[in-house]
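Working notes for the structure below.
Derivation of every value follows stated rules applied to the coordinates shown; laboratory data play no part. Only a predicted model underlies this, so the values are computations on that prediction, with no experimental measurement involved. FYI the Cβ positions are ideal-geometry reconstructions off the backbone, even for glycines, and counts take in every protein chain you see.
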Amino acid sequence: MLRKILFHLLPFLLPFIAYGLYLFATRRARQKGQAFDEAPWYWLFASGMLLLVISLVAVWFFSGDPAGGEYVAPHMQDGEMVPGKFN
C-alpha cells in the first residue's frame, strides 16, 4: 500500500524537489535570505498535478485486468492455495 501511495506521490513532489535542488545549487536563495518566498507555486503545483495524472493513467493503462474477463475465485489445488484471477 505504501509503495502505491509513494508511486503516485513522488511524481507530484518531483517539481518541488527539483526547484529546491535548483535553489540549493545556485545558492540564490541563500544570498537573498529567502528560500521559497518567490517560488512559482502555481507552476510547481500544476506540473506536479500533471505528473500525478500521467502516473495514474499509466497505471490504469498498463495494468489491471482485461474487460469482460471471467473471475476465478481463490481455491486449493494440489494442497496449495491458488490466488484469485481473471481469465
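Brief remarks on what is shown
- Listed residues GLY69, TYR22, PRO11: farthest to the positive end of the dipole of the chain (Cβ charges): TYR22
- Principal-axis analysis of the Cα atoms of the chain puts helix 2-26 at an angle of about 20° to the longest axis.
- Full extension of the chain segment joining ALA73 with ILE17 gains 15.8 nm, where the gain is 0.36 nm per residue of separation less the Cα-Cα distance.
- All distinct Cα pairs of the chain go into the 1/r average, and the inverse of that average, the Kirkwood radius, is 16.7 Å.
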